[in-house]
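Asker: Below you will find the structure I want to go over with you.
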Amino acid sequence: MSDYVMRQYRAFKHADTQTVDPHKAGFIPYPAGALCYRNGAMRDMITFTAPVVYHGGVDPTVGVYGIEGSKPGAAAAGVYLSHAMIRPDKSGYGKLLGKCIFNSKRLYAELVSLDGTDDYIKVVPFQRLPCEKQHKGDHARAEQVAYIRRNFVPRQNDDLVDFLHHDDKALELFKELGSDQNIVTYAVNFKTSDGWNTDVDLMNEVNTAIYQALSISTFDGGTVPKNPMFVTSSAFDVPSYGQSFVDGYGARAGLDPTDGTSISFLISTTQDPWVSATAKGNYLPEVVAAFKAAAKTAADDVMRKHGLQRG
C-alpha cells in the first residue's frame, strides 16, 4: 500500500469512532457492518427509539444505537462464521485482501494506459499518478504512463512480482498507484475531428451509456448477463465537492469549466483475489478490452447523435 494509506492506518488508534464494513472487504453479504466508539457513551448522542424493534424492555436492543435502526441477526452471524473460517490475519483475510489490492493496482495500470495516445477515447482515473500529485506536468505524465504500459501491463503476475522485487524504482511507483484500497474511479472522454471533447454534458452522456451497457440493472428477466465486466456509477457534484474540485478533475479530462454541472464517473472494485491469476493467466486485459469496446460504442453513438466526427 502507498505511504499515504499506511499513515492513515497508523492513525486509527487516535480516532474517536471507526466504521467496519465486512460486506465490502469481508466478502460477507450486505448489511454486515459496525460502528465502533472509543468512548461507549458517545453512542447516546445518536440514540433514538425505534418502536418497531424497541418496546421498553430492560435491555436495549442494538436498534436504538445507530443511524438506521434494526439490523438482521444473520449479518452478524455471517461475520462470526466467516472470521471463524478465514482468520483476520496475514494468513487469511490479509492474504485475500492483499491480492485484491494488487489486482486493483493492475487494473489501474491498465486503465491509466488508455490515455488517448493512439486512440480517440481516453480514461481519466480520479486517482492521480504520482507525477501528477507532484505537479510535474504533461511530459512527465506521458513518460510515467509509458513506463507503466511497458513494464507493468504486459507482465504475468510472477514476472511482475519478480520485476518489482529487483527494481526499487518500479516497486515504489507500483505502491503509489491507484486507490487507497481496491476501488478505482474513472471517467471516459473522446476525441472529435476538432480535438478532445470539452463539453461536460457530452462526456456525461458517454459515461452514462457505458454504465448502462455494463450494469446488471439495465437487463430484464432476473438473469445475470454474461458481460466480462460490470461497473457502477456516481457523480462529482458541485454542492458536495465544490466547483474548484469538479473543474480540477474536468480539466484533467480536457473539459471546460462545468459552471455547476456534475461530472459522472464509473467505479470498478476488484473483489476477486484471483482475477489476475487464472488458469490462463492474467484475465484483466480481457476485462479492459471489453470495457474499451463498450466505451468506443458509447462514444460513437454520442458523436453520431450530435453530428460530430471521430478524431
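Quick note: the coordinates plus some simple rules give every number you see, no bench work behind them. Since we're looking at a predicted model, the values are computed, not measured. Please note: Cβ atoms are built from the backbone with ideal geometry, for glycine as well, and neighbour counts cover all protein chains shown.
Asker: When the expected Rg is taken as 2.2 N^0.38 Å, what fraction or multiple of it is the alpha-carbon Rg of region 207-311?
Answerer: Cα Rg divided by the expected 2.2 N^0.38 Å: 1.28.
Asker: Quick check: convex hull over the Cα atoms of region 101-180, volume per residue in Å³, rounded to an integer?
Answerer: Spelled out: Cα convex hull of region 101-180, divided by residues, is 92 Å³.
Asker: Treating region 250-311 as a set of equal point scatterers at the Cα positions, no solvent, please give the Debye-formula log₁₀ I(q)/I(0) at q = 0.18 Å⁻¹.
Answerer: Here log10 of I(q) over I(0) equals -0.90.
Asker: Measuring from the lowest to the highest alpha carbon on each principal axis, how far does the chain reach, largest first, in angstroms?
Answerer: Computed over the chain, the largest-to-smallest principal extents equal 72, 48, 43 Å.
Asker: About the Cα centre of the chain, how large is the charge dipole given +1 on each Lys and Arg Cβ and -1 on each Asp and Glu Cβ? Please answer in debye to the nearest 20.
Answerer: 780
Asker: Between the DSSP loop rule and a limit of at most 15 other Cβ atoms within 10 Å, which trypsin sites (Lys or Arg not before Pro) in region 246-311 are left?
Answerer: Values: sites: Arg252, Lys280, Lys292, Lys296, Arg304, Lys305, Arg310; in loops: Lys280.
Hits after loop and neighbour filter: Lys280.
Asker: Looking at Tyr9, Asn197, His165, which one has the Cα that reaches farthest to the positive end of the dipole of the chain (charges on Cβ: Lys, Arg +1; Asp, Glu -1)?
Answerer: Among Tyr9, Asn197, His165, the one farthest towards the positive end of the dipole of the chain is His165.
Asker: Let me ask something else. Kirkwood hydrodynamic radius, computed over distinct alpha-carbon pairs, for region 153-272: how many Å, to one decimal?
Answerer: 17.0
Asker: Can you give me the P(r) profile for region 243-283? Cα pairs, bins 10 angstrom wide beginning at 0, each as a whole percent.
Answerer: The percentages, shortest bin first, are 25, 28, 15, 24, 8.
Asker: Taking only Cα atoms, what is the 0 to 90° angle, nearest 10, from helix 243-253's long axis to the longest principal axis of the chain?
Answerer: 50
Asker: Simple spin-label model, 7 Å along Cα-to-Cβ: Met1 to His139 in nm?
Answerer: The two pseudo-label positions are separated by 3.7 nm.
Asker: What is the magnitude of the charge dipole of region 153-311 about its Cα centre, with +1 placed on the Cβ of each Lys and Arg, -1 on the Cβ of each Asp and Glu, and no other charges, expressed in debye to the nearest 20?
Answerer: Dipole size: approximately 520 debye.
Asker: Helix-only estimate, please: 222 nm mean residue ellipticity of the chain, summing -39500 (n - 2.57) across DSSP H runs of length 4 or more and dividing by its residues, to the nearest 500. Don't skip to the answer; put the middle values down first.
Answerer: Working: 11 runs with 128 residues, N = 311.
Helices in the chain give a 222 nm mean residue ellipticity of -12500 deg cm²/dmol.
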